[in-house]
Amino acid sequence: MIQKQLFDQTVGKLLMFFISLLFLLSCKTEMKNKVESPVPSIIRTNFGTTKNNEAVYQYTLKNRKGMQISILNYGGIITSWTAKNRKNEFDDIVLGFDNFTDYENKNPYFGAIVGRYANRIEKGTFELNGTQYQLPVNDNTNHLHGGLKGFDKVIWEVNTLKKDSMVGMELSYTSPDGEEGYPGNLNVFVTYALNDDNELSVTYKATTDQSTIVNLTQHSYFNLSGDFNKEILDHEVVLNAASFLAVDATLIPTGEIKNVKGTPFDFTAPKKIGRDITIEDPQLKFGLGYDHCWVLTDQSSENKFVASAYDPESGRMLEVYSTEPGVQFYTGNFLDGSLASKKGGFYKHRTGFCLETQHFPNAPNEPAFPSTVLNPNEVYESQTTYKLSVIK
């Protein structure tokens, strides 16, 4: 009888122990879920002051999955972008600086909104409606990325956006008639929207009171490994394009649209960036690697698949969708170790790549290219979506 009582007491204690253990585990899981699934948020912090004494703020967007993207009101610059690897560890995957001074003085367009005209215009000249325009020449003999003070170097007005499954910000800027030589007062709106599927949507809109040219893009440099001391040559890239624009020695399109088949420019199937980048090829020599515009197979204005990049080590996969007809694939060929990394060390040759969705370079001087002219009573509209996921 005593033995049975002792047995019953032992069983009871063990039962209570397991019930308590299950309760504690349940609480721990619930707390973990609360940490990993917060309400989407946006936080504004001071980031510095321009030489003209303008306040620079950083806005950090965070979704329920824990992804964070930080953006400045200066240049609409994405300063950081955290994403999980296959070990569920978050790392920053975009190149940039940890201080504003470097963005103002040394920035090779890290993370910026580029305009009025992304990419190059030959000798900085174009004709529109019988008038010849001269833009600043800031890339050897050509005009690049909007000139000496493009959209990457101005202060944008910001309105924050927040919904149940999305957090974002709308940036607006009015570029006055004659700024950097461009005609017309141009009203520009750029919206960054981060959802809970780890997708960042970038939407562009613009109107003008005078015929002008417009070509906007986002210029983030990615390194999906999260280690900025590593080259991006092992990243596997797909470009949904069967042709690309041949360029001359100054990287201006010649007008020739070349088939990628049988060339180092064929990324129609997954291929490591570094596989063909050192092949003896005149086009690679001109760009010091890949710095060309690919002509997308789908030329519709739908938000279609453009490209993907995969880092086998971390498991991170980046997919890009856009309404644009082209994508400039750039492999960090001009990074030379002179710029300090925000993670310590320096940004060396080919430690970042860009997928800049856009219209074609030098289109104002190439009638066969899709038009970049915007007239009064028209609305320039474009959208690009970046989706991050993990391949286990």
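The values are calculated or read from the model by the stated rules, or taken from the named source; none is laboratory data. Just so it is clear, the model here is predicted, and its values are computed rather than measured. Cβ atoms come from the backbone with ideal geometry, glycine included; neighbour counts cover every protein chain shown.
Side notes on the structure shown:
- For region 261-303, the candidate set comprises residues that are basic (Lys, Arg) and touching a residue at least 24 places away in the same chain (Cβ under 8 Å); within that set, the residue that is farthest from Tyr221 (Cα to Cα) is Lys271.
- Leading residue by the ranking (farthest from Trp294 (Cα to Cα)) among those in region 80-136 that are touching a Phe, Trp or Tyr at 6+ places or on another chain (Cβ under 7 Å) and aromatic (Phe, Trp, Tyr): Phe100
- Test: residue in region 338-349 that is in a loop (DSSP other than H, G, I, E, B), aromatic (Phe, Trp, Tyr) and touching a helix residue (DSSP H, G or I) at 6+ places or on another chain (Cβ under 6 Å): no
Conditions (1) touching a Ser or Thr at 6+ places or on another chain (Cβ under 7 Å); (2) surrounded by fewer than 23 Cβ atoms within 10 Å (Cβ to Cβ); (3) among the β-branched types (Val, Ile, Thr), marked per residue:
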site: Asn195; (1), (2), (3): yes, yes, no
site: Thr203; (1), (2), (3): yes, yes, yes
site: Ser211; (1), (2), (3): no, yes, no
site: Asn215; (1), (2), (3): yes, no, no
site: Gly226; (1), (2), (3): yes, yes, no
site: Phe244; (1), (2), (3): no, no, no
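- Among the residues examined, Asn198 qualifies as under 30 Å from Lys272 (Cβ atoms) and in contact with a Lys or Arg (Cβ under 7 Å, 6 or more places away or on another chain).
- Residues located in region 214-252, provided they are touching a Phe, Trp or Tyr at 6+ places or on another chain (Cβ under 6 Å) and under 20 Å from Glu378 (Cβ atoms): Val214, Asn215, Leu216
- Lys162 meets all of the listed conditions (1) at pLDDT below 95; (2) out of contact with any Pro (no Cβ under 7 Å at 6 or more places or on another chain) but one, namely (2).
- Residue under evaluation Ser371, criteria (1) touching a residue at least 40 places away in the same chain (Cβ under 8 Å); (2) hydroxyl-bearing (Ser, Thr, Tyr); (3) assigned to a loop (DSSP other than H, G, I, E, B), criterion not met: (1)
- Applying a threshold of 9 Å to beta carbon distances and a minimum spacing of six or more residues, or different chains, the list of pairs starting in region 378-391 at a residue that is closer than 22 Å to Leu224 by Cα and among the hydrophobic types (A, V, I, L, M, F, W, C) and ending at one that is surrounded by fewer than 16 Cβ atoms within 10 Å (Cβ to Cβ) and modelled with pLDDT of 95 or more reads Val390/Arg86; Val390/Asn88; Ile391/Arg86; Ile391/Pro312.
- The listed residue being within 30 Å of Met317 (Cβ to Cβ) and touching a helix residue (DSSP H, G or I) at 6+ places or on another chain (Cβ under 6 Å), out of Ile113, Ile213: Ile113
- Candidate set from region 343-392 (those that are among the β-branched types (Val, Ile, Thr) and surrounded by fewer than 18 Cβ atoms within 10 Å (Cβ to Cβ)); member that is farthest from Asp197 (Cα to Cα): Val373
- Number of the exception - Val306 against (1) in contact with an Asp or Glu (Cβ under 7 Å, 6 or more places away or on another chain); (2) within 25 Å of Glu366 (Cα to Cα); (3) touching a residue at least 60 places away in the same chain (Cβ under 8 Å): (1)
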